[in-house]
Structures are given as C-alpha cells and as structure tokens.
Amino acid sequence: MTTAGTQVTRSRGFTIVELMVTIGIIGLLLGITFPALRTFRMESLNVNCQSNLRQIGVLMASYQNQNAGILPMTEFLPAVTEDGPVGGLPWVMRGYMERDNKCWCCPADNDEANSLSTGTSYFYLPGLIRYMPNVQLQVQQAMLPSMLDPDLTERQLESRRIGFEARLVTNLYQKDFMRLPLLHDSIDRHPGTRIPRNALFMDGSAGISTDYSEILDQDGDDDGDGG
C-alpha cells in the first residue's frame, strides 16, 4: 500500500534473450577487431623491417664509397661458433655498425635457435653468388698469374681471390640492380603483408623481393670481365 504522492519504481534486469544478444554482439566485435589488430601489428613489423634494411643500405653505400664502388665480399650468413657468430656481413661492416645492432635482425624474427644465433635475420645474396660456376671460372682465370708467383703468400692469394670475386659480383649487380636484391629475409616472417620477402636493393631502396633466379640464369651464360 502506498501513500498519495509516492511513486514506486521497479528496476528491470536483462532477460536471457537480451543477454545472449549482447554477448553475441561483443563476440562479433571481437572477431572483427582481433584480426585487424594482428594485421596492423604485422604491417608495423614489416615497415620496421624495411627501415632496418634501408639503414644497412646507407652504411653499405658508405662502404662502397670508400672501396671504389665495390660491394663487400663475405659469407652469405655468419657462422655460429661457441664464442658467438663469426663472419658474414655484420663482421665486415663492424666499422660502420656494431654487430649487435638491432638493425641486423628483423623485428618479426623470434627464431632463437637458427637465424638469431647467427646475429642477423638477413641473407647476403652476393655471398652466395660468388660461388656461381661462371664467377668462379673467371676468378680462376684471373688468379692464374698470381698463383704462379712464388713470392705471394697464401694470405695474399686469398685476398686477391676475394677482390676478384667482389668485382665480378659488383659488375653483375650493376647490370640489373633494380631486381637483384643485396639482402633479404632468410625466412618469410611477414605472412599476409608481402610475397615473399623484404629485400634491400643496390640503389638503397627496400621493398619486396621478386624471383631473381631468371636473372642469375641469364648471367650464367655471360662471359663477363675478370677485371
């Protein structure tokens, strides 16, 4: 019983149907948001990866400016030893960038057992091209006079060999520098954002690496210059 002027209000809770609808809407929003956030994160890592490559490209350009335009010649990946990674591009470029600089590793790389143990996520393609048969044939021809010189030590011969390889590989890049990458991810680490890998090119740009096998096959038939 209520007195005059008094109003009774009753709170009304959610019904089961309303609660189920609300949960369904929240689930739908989460289903839309999470993939978008993941894509955004992967794209952010992709941009940072390309930024790393461009920074390395600037330092490689400085190296070339101080070495008559010749590319560094080293292994395509550092060797893993008990004392840490040895050799490879981070070792050659240590006077330009510390070997433990974060730019050597792709920000999407979490492979501790493999790529990170070498000190870099990036594969140095000239270090592989140096072993192409046509390159090695020209190196052998250019090295013949030096090998017949009894006054040269093994260290001097190796230095000359590396010099010949560097010039030959540099010439190959200068012929098709827009398609043949210098560095690329050793593994595809950005699914959904690029196909197949990020890469650094001779002109210092960073972008998507295309199929360069055709270029190498064509250059395999060239005579080249043992310079």
Summed side-chain charge close to M147 - residues other than M147 whose Cβ falls under 13 Å, Lys, Arg +1, Asp, Glu -1: -2
Footprinting exposure proxy for M60, M132 (fewest neighbouring C-beta atoms within 10 Å first): M132, M60
Using θ = phi - 60° and Karplus 6.51 cos²θ - 1.76 cosθ + 1.60, couplings along the stretch 128-138 (whole Hz; Gly, Pro as x): 9, 4, 4, 9, 4, x, 5, 5, 5, 5, 5
Label-to-label distance, nm, for residues given as K175 and Y96 (7 Å Cα→Cβ offset): 2.4
Karplus (6.51, -1.76, 1.60) ³J(HN,Hα), θ = phi - 60°, over the stretch 82-88, in Hz, Gly and Pro reported as x: 5, 8, x, x, 10, x, x
GluC sites (Glu not before Pro) within the stretch 69-103: DSSP coil, no more than 15 neighbouring Cβ in 10 Å: E82, E98
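Bear in mind that the values in this text are calculations on the coordinates, not laboratory data. Predicted, not measured: the structure shown is a model, and the values here were computed from it. Quick reminder, even Gly has a Cβ in these numbers, built from the backbone with ideal geometry, and neighbours come from all protein chains shown.
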